[in-house]
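Working notes for the structure below.
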Amino acid sequence: MGFAGIALLVFSSHQGGQNSAAGIFAILISTASWAFGAVVLTRNARGATGITALFIQFFSASLVLWAAVVLSGELKSFSLSDVSTAAWWSLCYLVLISSVCGYGVFIWLSRRTSPAISNSFFYVAPVVAMVAATAVFGEPLTGLKMTAAGISLCGVILIVSTGRKKI
């Protein structure tokens, strides 16, 4: 249910613009891949500290993304001078707030609860991002987005209510 909510949220964010089936598919696959990796990490890296686990995840992801960039040919047409100031600020936000803080919270959760509950974080984070984008940047909050957020949060409620473990 949470996955369906995120899929609808991604779709609703691209309404009125260009919908890229490949882009939407990539976002959904990345969510599923992260959940899978988190389960593997929780079960196999028990001795790793939070920082070490975070480094392993970031480094692994960067290798996969660099391979995708090279194989897609995107690197040939890329120029640093074409990157806008707004894009650099967005990257800073993603690295500092979303990645370091967000994944730090996830690592903390994964050490204190079941993989199912800690992975529910990834169904809550896009909803938080949607609300933040509305509050900070004035992004429109449509009925479809609110419905998608509700579906995603219902999935989280189902996960949390069936898999309770004290934090």
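The values are calculated or read from the model by the stated rules, or taken from the named source; none is laboratory data. In this text, all values refer to a predicted model and were calculated from it rather than measured experimentally. Here Cβ is always computed from backbone atoms with ideal geometry, including for glycine, and neighbour counts include all displayed protein chains.
Within segment 81-109, being outside any helix (DSSP H, G or I) and not polar (S, T, N, Q) holds for one residue alone: Val83.
Where residues in segment 130-155 are modelled with pLDDT under 85 and crowded, with 16+ Cβ neighbours inside 10 Å, which of them is farthest from Gly5 (Cα to Cα)? So the residue we want is Met130. For segment 65-105, the set of residues classified as aliphatic (A, V, I, L, M) and either in contact with an Asp or Glu (Cβ under 8 Å, 6 or more places away or on another chain) or loosely packed, with under 11 Cβ neighbours inside 10 Å (or both) consists of Ala67, Leu71, Leu75, Leu80, Ala86, Ala87, listed by residue number. Picking from residues in segment 37-63 that are surrounded by fewer than 12 Cβ atoms within 10 Å (Cβ to Cβ) and part of a helix (DSSP H, G or I), the one that is modelled with the highest pLDDT is Leu63. Examine segment 80-99 for a residue that is modelled with pLDDT of 85 or more, within 17 Å of Gly5 (Cβ to Cβ) and not β-branched (Val, Ile, Thr), and state whether such a residue exists. No: segment 80-99 contains no residue that is modelled with pLDDT of 85 or more, within 17 Å of Gly5 (Cβ to Cβ) and not β-branched (Val, Ile, Thr). Quick check on my filter: what residues within segment 62-90 are more than 22 Å from Phe121 (Cβ to Cβ) and of a type in the set (A, V, I, L, M)? Result: Leu63, Ala67, Ala68, Val69, Val70, Leu71, Leu75, Leu80, Val83, Ala86, Ala87. The single condition from (1) under 17 Å from Ala4 (Cα atoms); (2) exposed (fewer than 14 other Cβ atoms within 10 Å of the Cβ) that Asn119 fails is (2).
Taking segment 110-128 as the range and being in a helix (DSSP H, G or I) and either under 15 Å from the mean Cα position of the chain (by Cα) or aliphatic (A, V, I, L, M) (or both) as the test, the residues that pass are Ala116, Ile117, Ser118, Asn119, Phe121, Phe122, Tyr123, Val124, Ala125, Pro126, Val127, Val128. Could you please let me know if Ile151 is within 26 Å of Phe59 (Cα to Cα), of a type in the set (Val, Ile, Thr) and not in a loop (DSSP other than H, G, I, E, B)? It is false that Ile151 is within 26 Å of Phe59 (Cα to Cα), of a type in the set (Val, Ile, Thr) and not in a loop (DSSP other than H, G, I, E, B).
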